[in-house]
């Protein structure tokens, strides 16, 4: 049954009530503009042309890891009235016996181990980021 909030009908949350959304996992994110207004740009001849606000949205999305060091960005797309993106959360956790240990999630494999059984140091993953948005003829990739 639909509930009312501030005298308006609304659907129930699609979120799992028993899931901690700060947990390590990959999350699909959708952000919509108020009243579905095309603030982020327009589509002309099947090409997305981002507005100044759309450029700011892209800049903010790309800066997420600067504010949250355990967040990694994957693919995202900006459309006239919304954006979609995939963010991966990979926070280390404390294992009382060995200090910090990285939790595995589906998109990554364990770090290779050296002879002593300790993980080898390696560069952080380099996720491919593509934006299907253009301003004029400039493409963000």
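The table below lists the values:
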{"item": "Additional length obtainable on full extension of the chain from residue 15 to residue 31, 0.36 nm per residue less Cα span", "result": "4.3 nm"}
{"item": "Protection proxy ranking of 18-27, 82-91 - average other beta-carbon atoms within 10 Å, highest first", "result": "82-91, 18-27"}
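Readers should treat all values here as calculations from the given coordinates under stated rules, not as data from a laboratory. None of these values were measured; they are calculated from a predicted model. Cβ sites come from the backbone with ideal geometry, for glycine too, and all protein chains shown count toward neighbours.
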